[in-house]
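Please read the structure below before turning to the comments.
The values are calculated or read from the model by the stated rules, or taken from the named source; none is laboratory data. A quick note: this is a predicted structure, and the numbers were derived from the prediction, not measured. Glycine gets a Cβ as well: all are built from the backbone with ideal geometry, and neighbour counts include every protein chain shown. The area values use the complete protein model at the heavy-atom level, side chains included, leaving out ligands, DNA and RNA. Shrake-Rupley method; radii C 1.70, N 1.55, O 1.52, S 1.80 Å.
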Amino acid sequence: MAGTPVTLSEHLASQRAAVSADHAPGVMSVVGRIGRLAAVIAQELAHAALRDRLGYVGGVNVSGDEVKKLDIWGHETVLAGLRSTGACAAFISEEATEPIEIPEAGGAHGVVVCCDPVDGSSNLDVNGAVGTIFSVRPGNGRTPAAPAALGPGTDQIAAGYVMYGPGTAFVYTVGTGVHGFILNSETGEFLLTHPDIRIPRRGKVYGINEGNAHSWHPGQRAFVEHLRTPDKASGRPYSLRYSGAMVADVHRTLLDGGLFMYPADCSDPAKPKAKLRLLYEVAPMGFILEQAGGRASTGTGRVLDVRATDYHQRAPVILGSPDDVSLAEEFYRRAS
Ligand code: FBP
């Protein structure tokens with residue numbers, strides 16, 4: 001890396017003007033704090049097997065997923081960190097059925113943070129890549145503050161994720177482009193490595209759990225069949241890459257182009273069932289992809305236009321290179 005590396009806190013300061021004056025202090029302290037927490041979480045994940053931190057705690061969360069010890073540890077660590085900023089008025093987490101109100105924080109300009117503290121939990125016990133996903137929305141200056149999060153994804157004022165892989169990556173946006181950092185584990189600082197990420201218009205790779213193909217919308221099935229059909233002129237077949245952790249699949253897609261898809265289960269076409277959660281998985285990733293010149297669709301519409309009405313609501317997602325996502329939507333239209 002040439003020149004003096006830019007740290008996350010320096011970069012955040014340079015982005016301050018992009019956020020409304022009311023919410024800039026809240027956004028800066030919350031995103032900065034999540035950066036510092038990510039270094040702590042990375043350290044814990046790296047030693048989890050040595051500290052008896054793997055495995056289940058027993059019981060399931062609001063989404064019916066079996067809860068891992070690190071899910072709870074991650075949740076409590078992020079909550080404690082956000083509480084100490086004094087800027088987070090409410091915390092909506094995958095690991096808490098009800099939003100956690102922090103009435104003493106934030107005042108009129110407190111922010112609401114939606115978070116998946118440990119994304120890709122099924123990878124934890126097999127040393128696979130996992131992540132943390134966060135989204136920041138303006139509070140309403142009232143208590144309870146959490147209802148301020150129930151709106152379209154376009155209400156987000158910041159979003160990002162941490163990927164715990166060979167290196168620890170931190171990627172965020174406050175609405176003026178998407179920027180990537182890598183953790184220097186010696187100093188605990190994130191250093192700018194990918195300024196202003198732009199996703200390629202088209203890719204060569206798609207990520208989806210093909211084990212669910214039987215339940216897909218006919219347009220989804222036809223689209224994946226199209227991607228798998230050899231055709232030199234259009235660079236097909238695309239390769240299949242699927243890590244089992246949304247953060248890792250989205251990070252690859254953002255840097256290399258292509259698609260990450262988790263469509264709805266349409267076994268009962270009248271009641272399509274999605275898996276991924278809107279407020280702390282799909283909407284933040286939609287904001288990031290759009291800021292990088294990509295697109296995020298439900299298959300039939302823009303993800304960021306979906307209005308949340310429930311804190312743990314689910315939504316289908318097809319995100320990635322704009323030309324690839326548009327083609328997917330075309331296949332949905334043709335099949336509808
Ligand atoms: P959590 O681990 O936070 O519950 O996230 C859901 C998730 O693991 C995503 O990260 C991933 O993309 C998807 O579910 C994998 O689902 P499946 O095992 O059904 O393919």
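Would you point out the residue of segment 280-305, among those that are farther than 24 Å from Gly131 by Cα and assigned to a loop (DSSP other than H, G, I, E, B), that is nearest to the ligand (Cβ to nearest atom)?
Among those that are farther than 24 Å from Gly131 by Cα and assigned to a loop (DSSP other than H, G, I, E, B), it is Gly299.
Working carefully through the options Leu150, Leu191, Leu124, find the one that is of a type in the set (A, V, I, L, M, F, W, C), over 11 Å from the mean Cα position of the chain (by Cα) and within 15 Å of the ligand (Cβ to nearest atom).
Leu124 is the lone residue from the list that is of a type in the set (A, V, I, L, M, F, W, C), over 11 Å from the mean Cα position of the chain (by Cα) and within 15 Å of the ligand (Cβ to nearest atom).
Is at least one residue of segment 205-217 in contact with a Ser or Thr (Cβ under 9 Å, 6 or more places away or on another chain), exposed (fewer than 15 other Cβ atoms within 10 Å of the Cβ) and farther than 30 Å from Asn127 by Cα?
no
Can you name the residue in segment 40-75 that is basic (Lys, Arg) and touching a residue at least 12 places away in the same chain (Cβ under 8 Å) and, of all such residues, is farthest from the ligand (Cβ to nearest atom)?
Going through the qualifying residues, I end up with Arg53.
Out of everything in segment 227-246 that is under 27 Å from the mean Cα position of the chain (by Cα), away from the ligand (no atom under 15 Å from the Cβ) and in a helix (DSSP H, G or I), what residue ends up being surrounded by the most Cβ atoms within 10 Å (Cβ to Cβ)?
Taking the candidates together, the pick is Leu227.
I'd like to check something: does segment 230-243 contain any residue that is without any contact (Cβ under 8 Å) to a residue 12 or more places away in the chain, hydroxyl-bearing (Ser, Thr, Tyr) and within 15 Å of Asp323 (Cβ to Cβ)?
Within segment 230-243, one or more residues are without any contact (Cβ under 8 Å) to a residue 12 or more places away in the chain, hydroxyl-bearing (Ser, Thr, Tyr) and within 15 Å of Asp323 (Cβ to Cβ).
Does segment 314-323 contain at least one residue that is more than 16 Å from the ligand (Cβ to nearest atom) and open to solvent by less than 30 Å² (accessible area, probe 1.4 Å)?
Yes, because at least one residue in segment 314-323 is more than 16 Å from the ligand (Cβ to nearest atom) and open to solvent by less than 30 Å² (accessible area, probe 1.4 Å).
Are there any pairs, at least 6 apart or on different chains, whose C-beta atoms fall under 9 Å, with the first in segment 264-279 and under 14 Å from Ile133 (Cβ atoms) and the second open to solvent by 60 Å² or more (accessible area, probe 1.4 Å), and if so, which?
Leu276/Arg314; Arg277/Arg314; Leu278/Asp310; Leu278/Arg314; Leu279/Asp310
So for segment 15-32 (the condition being touching an Asp or Glu at 6+ places or on another chain (Cβ under 7 Å), crowded, with 17+ Cβ neighbours inside 10 Å and assigned to a loop (DSSP other than H, G, I, E, B)), does at least one residue qualify?
no
Failed condition for Ser135, given (1) touching a helix residue (DSSP H, G or I) at 6+ places or on another chain (Cβ under 7 Å); (2) surrounded by fewer than 18 Cβ atoms within 10 Å (Cβ to Cβ), with all others met?
(2)
Return a yes/no flag: does segment 135-152 have any residue that is closer than 30 Å to Arg228 by Cα and either in a strand (DSSP E or B) or acidic (Asp, Glu) (or both).
The answer is no, given that none of the residues of segment 135-152 is closer than 30 Å to Arg228 by Cα and either in a strand (DSSP E or B) or acidic (Asp, Glu) (or both).
In segment 91-110, how many residues are over 28 Å from Leu45 (Cα atoms) and open to solvent by less than 10 Å² (accessible area, probe 1.4 Å)?
2
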